[in-house]
Amino acid sequence: MNNILSAIIVDDMPLAIASLKAELEDHCPNIKVINTANGVLEAARLLKNVQPDILFLDIQMNDGDGFDLLDIIDHSWIKVIFTTGSKEYAIKAFQYTALDYLLKPIDPDRLKEAVDKANKTEEQPKEIIKLQDGLAPVRKTIILHTQEEVRIVKIDQIVRCESSNNYTVFYFDDDTKLLVSKTLKEYEKMLPNTFLRVHQSHLVNIQFIKSFVKSEGGYILLKNTQHVPVSVRKRAELMEALDKLN
């Protein structure tokens, strides 16, 4: 049996909110709608105090669009499902790591598929580690969105990440790589502190570092023999991180 997941619906059309709530009650009994908002500003104020498991988000609204909302809130761990009457924003939606993109009028089967995805991602394993300020959940996996798929990968299999304009290339320990629809800066916030930003374009899992080579401007030699440049201002931070590995 699936866990109960909390949800907030953001849409500037009251009938659309009522319709989605009814569909969820009829077809997705494990989803509990805890609140609704009729625009970007109202939703932003609401989400400062409440973090739902799922955000059902319209795109075109009277005071902005759904992307404006995602730009001003921390939605790192919220599963965003767009609900819209337009196909044209689908690619952009997945660049914002949307879990799904539903067209209005929403088909019940597609709604159930989207909620099933939310259930599966909620069931990802977590471990609890002790920090100075108490206990915090740390995910062992991360969800990576490309234009073709939504992939769940183990964080400890990620060797490094490299910026590619508004995208990020993930390199894995099996020598494969994946182009993902999000910036390196955003993943730097999402990944644990075992990942170190050593350069404007490079984020490295320190567990895969073999050595730091001081010649040729300074670079990291990884265990897979790849070279990663290190900026001058990041050298001290890198040295400190490597010392802690002893």
Legend entry - Restricting region 1-104 to trypsin sites (Lys or Arg not before Pro) in coil, as DSSP defines it, with at most 11 other Cβ within 10 Å: Lys87
Legend entry - Sparsely packed trypsin sites (Lys or Arg not before Pro) within region 196-236, loop by DSSP, other Cβ within 10 Å at most 10: Lys214
Inset, instruction - Please work out the C-alpha center-to-center distance from region 1-67 to region 230-246 and express it in whole Å. - result: 44
Inset, instruction - Rank these by accessible area, largest first, 1.4 Å probe: His202, His27. - result: His27, His202
Legend entry - region 190-246, Cα convex hull volume normalised per residue, Å³: 85
Legend entry - Apportionment of accessible area to carbon and sulfur, the chain, percent (1.4 Å): 48
Inset, instruction - Take the chain, compute every pairwise Cα distance, and split them into 10 Å bins from 0; I just need the percent in each bin. - result: 7, 28, 30, 20, 11, 3, 0
Legend entry - For region 1-75, accessible area per residue (1.4 Å probe, heavy atoms of protein chains only), Å²: 52
Legend entry - Where region 145-231 is the region considered: accessible area per residue in Å², 1.4 Å probe: 53
Legend entry - For Thr168, net neighbour charge (Lys/Arg +1, Asp/Glu -1) across residues whose Cβ lies under 10 Å away: -1
Inset, instruction - Keeping every protein chain in place, order Asp109, Asp12 by accessible area at 1.4 Å, biggest value first, i.e. largest first. - result: Asp109, Asp12
Legend entry - Solvent exposure ordering (accessible area, 1.4 Å, most first) of Asp63, Asp26: Asp26, Asp63
Legend entry - Theoretical ellipticity at 222 nm over the chain - DSSP helices of four or more residues, -39500 (n - 2.57) apiece, nearest 500: -8000 deg cm²/dmol
Legend entry - Cross-link pairs beyond the 25 Å C-alpha cut-off, checked among Lys79/Lys185; Lys21/Lys154; Lys182/Lys210; Lys104/Lys189; Lys117/Lys223; Lys140/Lys189: Lys21/Lys154; Lys182/Lys210; Lys104/Lys189; Lys117/Lys223
Legend entry - Heavy atoms of Tyr89 accessible to a 1.4 Å probe, total area in Å² rounded to 10: 50
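The values are calculated or read from the model by the stated rules, or taken from the named source; none is laboratory data. From a predicted model like this one, the values you see are computed outputs, not experimental measurements. Backbone-built Cβ (ideal geometry, glycine too); neighbour counts: all protein chains shown. Protein only, heavy atoms only, side chains kept; ligands, DNA and RNA dropped before computing areas. Shrake-Rupley method; radii C 1.70, N 1.55, O 1.52, S 1.80 Å.
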